[in-house]
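Engineer: Next up is a structure, given as structure tokens.
The values are calculated or read from the model by the stated rules, or taken from the named source; none is laboratory data. Every value quoted in this text rests on a predicted model; they were computed, and no experiment measured them. Positions of Cβ are generated from backbone atoms using ideal geometry, with glycine treated the same way; all protein chains shown enter the neighbour counts.
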Amino acid sequence: MDKARSYLGFARKAGNLVLGEERCGEAAADGKLKLLLLASDASDNAARRAEGYTVGHRFPLRRIDIPKEELCALLGSGGCAMVGFTERGLAAEFARAMAVNNSDWQETATLLAERRDKAARRKAAPRKHKSNGAKGGNVHGN
């Protein structure tokens, strides 16, 4: 769990972690969330909102064994029952670290690793079409 906690800190410092219900909801609506986490003592209302954020999106929602107070102290924020990763690599590494001590996380870790690897392959693949170098304007040069 210590390694997983360190990934939360890394993501926070790198700007790849959103904190709180409102910011997580915005990130979900923008298609930026890769993994959404709920504190162990998050309210039923927060859990329902988090489930609502997943509708129509493809990111996992998981409850973690860290209470709100401890999560806030770890991340240097106040009142956050919900946090979301916005970067695939850190989300995958966090889930992998969680899976080391908790087999319930194995499926999530595998899913996120597959998505991270697929995105890396897509980014590394050669482009099928080359840019013509045009900077704006229409196709007829007017």
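Engineer: How many residues, within the stretch 6-19, are surrounded by fewer than 17 Cβ atoms within 10 Å (Cβ to Cβ) and not hydrophobic (A, V, I, L, M, F, W, C)?
Structural biologist: 4
Conditions (1) modelled with pLDDT under 80; (2) surrounded by fewer than 19 Cβ atoms within 10 Å (Cβ to Cβ), marked per residue:
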residue	(1), (2)
VAL83	no, no
PHE94	no, no
MET98	no, no
SER103	no, yes
GLN106	no, yes
ARG122	no, yes
HIS129	yes, yes
LYS135	yes, yes
ASN142	yes, yes
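Engineer: Right, another one. Of all the residues that make up the stretch 37-46, how many are aliphatic (A, V, I, L, M) and either within 21 Å of ALA92 (Cα to Cα) or modelled with pLDDT of 95 or more (or both)?
Structural biologist: Total satisfying the criteria: 3.
Engineer: Does THR54 satisfy the condition of being of a type outside the set (A, V, I, L, M), crowded, with 19+ Cβ neighbours inside 10 Å and within 28 Å of ASP117 (Cβ to Cβ)?
Structural biologist: no
Engineer: Starting from residues that are assigned to a helix (DSSP H, G or I) and hydrophobic (A, V, I, L, M, F, W, C), keep the ones in the stretch 33-54 and report whichever is nearest to the chain's Cα centre (by Cα).
Structural biologist: Checked the stretch 33-54; the qualifying residue nearest to the chain's Cα centre (by Cα) is ALA50.
Engineer: Still on this structure, please answer the following. If you take the residues in the stretch 69-79 that are part of a helix (DSSP H, G or I) and in contact with a Gly (Cβ under 9 Å, 6 or more places away or on another chain), which one is surrounded by the fewest Cβ atoms within 10 Å (Cβ to Cβ)?
Structural biologist: LEU74
Engineer: Only one of (1) surrounded by fewer than 17 Cβ atoms within 10 Å (Cβ to Cβ); (2) assigned to a loop (DSSP other than H, G, I, E, B); (3) among the β-branched types (Val, Ile, Thr) is not met by ILE66, so which one is it?
Structural biologist: The number of the failed condition is (1).
Engineer: Additional query: Take the stretch 83-124 and flag every residue that is among the basic types (Lys, Arg) and under 15 Å from the mean Cα position of the chain (by Cα).
Structural biologist: Result: ARG88, ARG96, ARG115, ARG116.
Engineer: Can you tell me how many residues in the stretch 1-39 are of a type in the set (D, E, K, R) and closer than 17 Å to HIS57 by Cβ?
Structural biologist: Summing the residues that are of a type in the set (D, E, K, R) and closer than 17 Å to HIS57 by Cβ in the stretch 1-39 gives 7.
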